[in-house]
Structures are given as structure tokens and as C-alpha cells.
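I have placed the structure first, in the form of C-alpha cells, so that the comments after it can refer back to it.
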Amino acid sequence: MNPKLREWIWFANLKGIITRKKNELLELFGTPDSIYEADAVALAKTGILSRENIDAILSVEARKTVDETMEKIALNNIDVITLEDNTYPELLKNIADPPVCLYVRGDIRRDEISIGVVGSRRASGYGLSTTRKISSELAEYGICVISGMARGIDTAAHQGALSSGGRTVAVFGCGLDVVYPPENRRLMERIIGNGAVVSEYPPGTIPAPHHFPVRNRIVSGMSIGVLVVEAGEKSGSLITAQLALEQGRDVYALPGNVISINSRGTNKLIQDGAKLVTSVDDIIDEIRWYKNFKKNIVINLNDYKNRKKIPDSLDAEEQSVIEMLSVEPLQIDEIHSRLSIEIQILHRVLLSLEMKGLIRREPGGKYVVQI
């Protein structure tokens, strides 16, 4: 363990000082412990700190709080990777404002080739099934899939990668001791087993709206390119796409129905020059200069057996419900919250799947797959 880890965590968690300014301070002082030991005069001489910034650095309260954070890290089996560690992801280190510390559960790799996959939380059946397919095929090429474990497209991206036995990384907008959304607890454990969950926020940090646009720079920063699947005109996924462009990453977009609200953002990205993607081959063709990608298929046997038994005759909505229930049993309101289809249509889909013998409704009201 880094003997100066306490100072790194203290420095990373200082309030009111933007990450870019923290990186400037590291260039000036060399290490966080030098900043920790500096007095007000030395800090003021940098010329980049406000009075409030200096007060934050000298705050006794901040120095006490770091001990609580260290205890939470140990209690939750969280690893901490600092900017000076050899395991810090190389691509992320080279963005304009890399996180000072990364909190990690699982296995993060320094030089891993990764593609970010992001999109709407209220995705359509088309968006979910296409995301799972492309993410699964990226994993078959040995490419790590990075997303944010949010509802909708993010969840489908992680599920797709895992279904092929591939690696996937989820970037959180909260502490790693907080499962968000809560229904993804089981998915989180699967991700940790075949990749990692990552955050720049210390344990105990609750999800907050302003955290998610900030964490998006990590999704794009760890990736060589970002695929956007279904995004409205003001979607957070478009923020990720913009960050990717600023970081010099490729941006790919899945075309969608021109009258769908969820497709306005992705179709606009294509108009503005994003690579149109209809299959995984469109992405592989763009990144062959990294290496000669070849499929290396390692499929989870249970997932494979389940997929082989799903009839080809299912429509997109039925397929999405089956894939969702293959991960965990769900109540109808839980299914409805993750699929952007009308409740009447969902009732029809569930009834159809029950009549086909593919799912059943348990006494507690949860639907489970029977395949």
C-alpha cells in the first residue's frame, strides 16, 4: 500500500477545488504530502488558489474526515489507485483533468482497450437488444465495455459484455458502498467478478445529479471510443459524446427512428459527423489501427444455454423482457421502469410470454424465466 495514501485521499477529497486545479498543484508541489504540510504563505505564492481554496487545504475538519474515509475503504474492501500508481489507466491519466484518486472494486487494467457504451435510461426494446448484442460482440473481440450502470442502455451494455464472458467496467457517480440504482446490486457483483466498479467519489457519497456529468469524463477518458445508443436532445449521453471529442476519442452512434424522442440526439450526432454504427463490425473497422482484432469467444455456459432456447419468433419487446428477467426476477412495475413502453403493451407482452411458457408469475408478484 502507498505509505502516503492518507494524504492522497485527503487531497482528492478537498471541497471547492476543481480537479484541474488539483493537478496544477501536484505539478507545483510534487506530492499531496507536500501540499498537506504547506502553510498559507506557500499556498498563496502559487497564484492559482483563492482564499477559500487555501482555507479548504488548511481545514482541520478535512484532515479529520480522511480518517473516517480510510475506515470505510477498509470496511468495504475498496482499493485506491492514485495518479502516481503504475496501475492507473494510461488513457485516463492523459486527459485534461484526470481524477486524483480512483476508488476501485474488482480488477482495473492499465492498458486495456475499451469502448464506452452509453444511452437513455428509458430505452426502447430496440435500443436494449441492440446494445446487448453489440456489447456482447465487443467482448468477444476482447474489448472491455465501459458504462455507468444506470438503468436502460448502461445496464444492457454491462449485461451484454458479461453474457459473452467478457470484461466490463462501471463508473459510478457515488461511493462504491452505494448501489445505484438499487435493483442493480446483483449486476454490480457480476461486474466486480468480471471487471471492476470505479468511482472518484469516496465511500459514503450519495448519488447527486451534478455527479453524473462529471463522472462521464471518466467513461470517455478510459475508452478509445464511445458508442451512443438512444439519446434525447438534452441527454447526459451527449455530454459524454462531447467529452469524448474533447479528449480526442472516436464517437459512434446507432441510428434510430426519426420520430422517436430517444433518437433525436443520436441522429444529430450522425449529422454532425459521428460514425454511424449498425453492427460491431463498424466499430472494429474504425479501431483496427490499435491491433488486429480477432474474436476470442468465452461464453458463460448458462447464458449460452438460455439464449439458445429463446425462440427466434419473439418480437423486440418480448426479447427485452426475457433478457431482463434472465438477470433477476422482477415485479411488473420494475420492468415498466426500465422499459420505455406503455403499461398496456407490457401487460400484453407478459401475457404472451406466459402463454408461450417462457415466464411465470410467482406468488409474490415477481416474474421469472422458465428457460
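Rule-based calculations on the coordinates, nothing more; no lab input. Note that the coordinates shown come from a computational prediction; the quantities given were computed from them, not determined experimentally. Neighbour counts run over all protein chains shown; Cβ positions are idealised from the backbone, glycine included.
Key figures
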quantity: Most to least packed among 29-39, 121-131 [average Cβ atoms within 10 Å]; calculated: 121-131, 29-39
quantity: Prolate/oblate/rounded label for segment 35-144 (Cα gyration tensor, a/c 1.5); calculated: prolate
quantity: Rounded to 10°, Cα long-axis angle of helix 125-140 versus longest principal axis of the chain; calculated: 70
quantity: Cα-based shape type of segment 187-228, given that a ≥ b ≥ c are square roots of the gyration tensor eigenvalues and the cut on a/c is 1.5; calculated: oblate
quantity: Alpha-carbon Rg/Rh ratio, for segment 114-286, with Rh computed the Kirkwood way; calculated: 0.94
quantity: Exposure proxy order (Cβ contacts within 10 Å, fewest to most) of Val226, Val368; calculated: Val368, Val226
quantity: Ranked Tyr252, Tyr367, criterion: other C-beta atoms within 10 Å, fewest first; calculated: Tyr367, Tyr252
